[in-house]
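So the structure is just underneath, and the comments pick up after that.
The values are calculated or read from the model by the stated rules, or taken from the named source; none is laboratory data. The structure displayed is predicted, hence computed values, not measured ones. A quick note on method: Cβ atoms are made from the backbone with ideal geometry, for glycine too, and the neighbour counts reach across all protein chains shown.
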Amino acid sequence: MSVKTMRRAFVIFLATAVVLVIAVVWLYRYAVRYPDRPLAGSGKPISVNIPHGSSFPKVVKILEQRGLVSTGAAFRVFANYKGLASKVRAGSYTFKPDITPRSLLDILVHGVPAPTIKVLIPEGKNMLEVAEILADGHIAPRDKLVEQMRNRRFLHRIGIPADSIEGYLFPDTYKLRAFTPAQEVLEKLVRRHHGVYYALRARHKGGMAWLRKKLRWGHQEIVTLASIVEKETGQPGERPLIAAVFLNRLTLPGFRSRLLQTDPTIIYGCTVPEQRSAACGKFEGRIRRIHLDDADNPYNTYRHAGLPPGPIANPGRAALDAVLNPKKTRFLYFVSKNDGTHHFSTSREEHERAVDRYQR
């Protein structure tokens, strides 16, 4: 290679190196200044909506289309460098026309305050109905709620000794934020239940001691019977009587079958559990003989003695109170009088006469 050629190559190399150095310096200065460089906007506030479930590239594209970022690639690099690309929240935003990329990303990560929604959970709703109410209120998706309602690891963490959350979603009026994670919503309802339950247990120490000694009952069993009481009557004054009837059936020597014989448990077994009997597959909203005789339905209290496997609804304060403080009575039967109230009887003969009078 000639000296002239070598000189030419060296000049080219030197020029290239200088250009590269200038480019690196420029990029470095651009990167350093980029996060705090105000957007050269039109002077008017810019509104933008980030839909739920949007990927970060889609978010950047929306920002580019609205003129909030001049170079999408630079904003993506900045967000990834900060480790915040996956933390952008959906919502409707309004930005200042001279906002900087740093402020823009910070606002998108913190999100707009979700609206607070008042939601009423009535007494006696089962967990699937509660999920529908919460979903209709845009609190959390129904499928996510139901999934967590049966998530044993989650249930164990929040102190529920069961395979589902049934019975522990306390009925009340709540102020909840829209688009809240399912676990967070459910945990709030369960905390409310625990607060009410333990306060009642402290008030009725004698009743709690009797249930523990006589039936070896704990939290789960008390909630289960309270859920049945809740489904059997809407009359506050009748709840302690209804509770007494079922407790008498489980404890009095003269009632040997120990069958609670309550229709709401059959209905629950045919509508809520994931696994259901063949007879429940024919359930159309009305209990028939095949459902009364169905031994494959573990919630059939006409065939299985004692309590069903778990709660059949979410009881309120009055129903829980009734189980811990039932009426002192020897009633064993009750029948609807078709006016929202019931007739109570101590014997089978008296009960049959009441059935003739009010039902037949």
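Some points to look at:
- Under the condition of being closer than 15 Å to residue 250 by Cβ and either assigned to a helix (DSSP H, G or I) or not aromatic (Phe, Trp, Tyr) (or both), the residues counted in segment 189-217 number 8.
- Residue within segment 155-176 that is in a helix (DSSP H, G or I) and of a type in the set (Asp, Glu) present: no
- Residue, farthest from residue 316 (Cα to Cα), within segment 87-138, restricted to residues that are modelled with pLDDT of 95 or more and acidic (Asp, Glu): 136
- Residue within segment 325-339 that is assigned by TED's automatic domain parsing to the domain that holds residue 237, in contact with a strand residue (DSSP E or B) (Cβ under 6 Å, 6 or more places away or on another chain), farther than 30 Å from residue 207 by Cα and outside any strand (DSSP E or B) present: no
- Residue 188 meets each of the listed conditions (1) assigned by TED's automatic domain parsing to the domain that holds residue 176; (2) basic (Lys, Arg); (3) farther than 19 Å from residue 128 by Cα apart from (3).
- Looking only at residues of segment 91-133 that are among the acidic types (Asp, Glu) and outside any helix (DSSP H, G or I), we find that the one that is surrounded by the fewest Cβ atoms within 10 Å (Cβ to Cβ) is 98.
Rundown of residues vs (1) modelled with pLDDT under 95; (2) surrounded by 20 or more Cβ atoms within 10 Å (Cβ to Cβ); (3) of a type outside the set (Ser, Thr, Tyr), yes/no style:
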| residue | (1), (2), (3) |
| --- | --- |
| 303 | no, no, yes |
| 307 | no, yes, yes |
| 311 | no, yes, yes |
| 314 | no, yes, yes |
| 323 | no, yes, yes |
| 326 | no, yes, yes |
| 336 | yes, no, no |
| 358 | yes, no, no |
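- Sole exception among (1) over 28 Å from residue 269 (Cβ atoms); (2) without any contact (Cβ under 8 Å) to a residue 24 or more places away in the chain; (3) of a type outside the set (Lys, Arg) for residue 98, by number: (2)
- Some residue of segment 28-46 being modelled with pLDDT of 80 or more, out of contact with any His (no Cβ under 9 Å at 6 or more places or on another chain) and surrounded by 11 or more Cβ atoms within 10 Å (Cβ to Cβ): yes
- For segment 134-149, residues that are surrounded by 15 or more Cβ atoms within 10 Å (Cβ to Cβ) and under 24 Å from residue 309 (Cβ atoms) total 5.
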